[in-house]
């Protein structure tokens, strides 16, 4: 007899996810045991939201849905933020919440909430597991979670179903689809080729769809063919190596990038998802050619035409057949990079966050995977850290949630056990996930955590200052990062100079241990930097 939990565990492992993560409930123990029998790890997290973020990031990095679990009621409610991250950041995830069996649900109120209704707005599909149909539910879940745009699926798992015999197929479909998507011929691409032939100064704006199609190399090929500068969304840092002469920078919805874009005569969006943009109207009147793996249903970007298909094939065809461009991109990209650098080069009386980032990039190896939290420091990290390959920079952008950097880094360590992993976080964001240092230690997932310690919730302080509101309710401070790290069995150090930071990063790399580096920064330049780069 094959039980429901055995079907689930086998499917997860077959799909390429050899672990389950979360904070279990009583009904989860059978699933945990089924996984153990298949040599699957269980990562015990201290917060359900961190577990969901870790699992979602694994989905980003591997394409296989991450699996997170929680108990019913409070655990399910606490996991919502992590699932919302997967929804808005387009991450393949299967989130499982325990639930009462139906008779118990109908005869009691304690820990009873309508979990399907809670998750329905933030998942692609939500359902209750039934032993008789679990195999079909599993196949639909895998295909739904990984289909473009990727996202989360929610399973409610009643205690009555865990050990029941799973129903069988007469003829069993494959777990995952084997997509065959023929590429376009030249005639199909004529509208795009015609627009490109008329453009003297095209600019490319790349988004998440590039990753869904594994089309980073083709993106670079098209940029080189056109001689066009490339801007990426925050999530797509590294889609074009950031030391490539055509790489301009990240589009963040600020004023500084408009000068570059307005110099172009054609905007080509490549896999751009509107969730990656700032919530404001599209600011450009230039013609837009959109290349996308899925149709845009929100109509926020005025593209005409919008060509939908596999981006790997579309970009490859365009790179082959498009007329060679004017090569205006290298000079335009270099000018933009210089303007951003100058805007961030604000005076400082101590170690500035921008110099801290420059030190980190100089010390840490080229193949380092970086995660970044939300907050004031994120602006500096996005602009100053350079990534040289796809999915080497990880952040919460669609949701923009604090508390992402540490669980994201743990997922990166799971996916890339032999590469350095650094988490850039503000002191406020780090305190939200401090308990996961114990997870890093217990599970032997060493990461470097670089904490920008400005003793406040910096982004809110910036907004208070810009609006002329007195500083109030945002102060932190008083944390001994060295002792805090040591209490979890990790290494810790506090630095205030560039040389001390360089030494600390070098020591962390050499030790191979989880290390917390508290970086005491002078954040007085934040307001000027925000005013220069971004509308608030």
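The values are calculated or read from the model by the stated rules, or taken from the named source; none is laboratory data. No experiment lies behind these values; they were computed from the predicted model shown. Methodologically, a virtual Cβ is constructed for each residue, glycine included, from the backbone with ideal geometry; neighbour enumeration extends over all protein chains shown.
Observations on the structure shown:
- Some residue of region 86-103 being in contact with a strand residue (DSSP E or B) (Cβ under 6 Å, 6 or more places away or on another chain), in a helix (DSSP H, G or I), crowded, with 19+ Cβ neighbours inside 10 Å and not assigned by TED's automatic domain parsing to the domain that holds residue 488: yes
- Residues of region 164-177 include at least one that is buried (at least 19 other Cβ atoms within 10 Å of the Cβ) and not assigned by TED's automatic domain parsing to the domain that holds residue 326.
- Residues of region 178-210 that turn out to be loosely packed, with under 13 Cβ neighbours inside 10 Å and within 27 Å of residue 275 (Cβ to Cβ), as a count: 2
- Qualifying residue in region 468-485 (condition: assigned to a strand (DSSP E or B) and either more than 27 Å from residue 412 (Cα to Cα) or assigned by TED's automatic domain parsing to the domain that holds residue 423 (or both)): yes
- Search result, residues across region 253-282 that are closer than 21 Å to residue 239 by Cβ and assigned to a helix (DSSP H, G or I): 256, 257, 260, 261, 274, 275, 276
- Residue satisfying condition, being in contact with a helix residue (DSSP H, G or I) (Cβ under 7 Å, 6 or more places away or on another chain) and either in the same structural domain as residue 235 (by TED's automatic domain parsing) or touching a residue at least 60 places away in the same chain (Cβ under 8 Å) (or both), within set 75, 35, 16, 51: 51
- Among the conditions (1) under 17 Å from residue 155 (Cβ atoms); (2) part of a helix (DSSP H, G or I); (3) touching a strand residue (DSSP E or B) at 6+ places or on another chain (Cβ under 8 Å), the only one that residue 17 does not satisfy is (2).
A quick yes/no check of all residues on (1) part of a helix (DSSP H, G or I); (2) farther than 17 Å from residue 152 by Cβ; (3) under 21 Å from the mean Cα position of the chain (by Cα); (4) modelled with pLDDT of 95 or more:
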{"position": "21", "(1), (2), (3), (4)": "no, no, yes, yes"}
{"position": "30", "(1), (2), (3), (4)": "yes, yes, no, no"}
{"position": "59", "(1), (2), (3), (4)": "yes, no, yes, yes"}
{"position": "84", "(1), (2), (3), (4)": "yes, no, yes, yes"}
{"position": "106", "(1), (2), (3), (4)": "yes, yes, no, no"}
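- Residue-level analysis places residue 63 among those that are at pLDDT 95 or above, under 15 Å from residue 391 (Cα atoms) and surrounded by fewer than 22 Cβ atoms within 10 Å (Cβ to Cβ).
- Every condition in (1) part of a loop (DSSP other than H, G, I, E, B); (2) within 26 Å of residue 147 (Cβ to Cβ); (3) free of Cβ contacts under 8 Å to residues at least 60 places away in the same chain is met by residue 285 except one, and the failing one is (2).
- Residue list for region 213-251, filter: under 13 Å from residue 315 (Cβ atoms), in a helix (DSSP H, G or I) and under 22 Å from the mean Cα position of the chain (by Cα): 216, 217, 218, 219, 220
- So residue 356, is it crowded, with 23+ Cβ neighbours inside 10 Å, under 21 Å from residue 510 (Cα atoms), in contact with a strand residue (DSSP E or B) (Cβ under 9 Å, 6 or more places away or on another chain) and in contact (Cβ under 8 Å) with a residue 40 or more places away in the chain: yes
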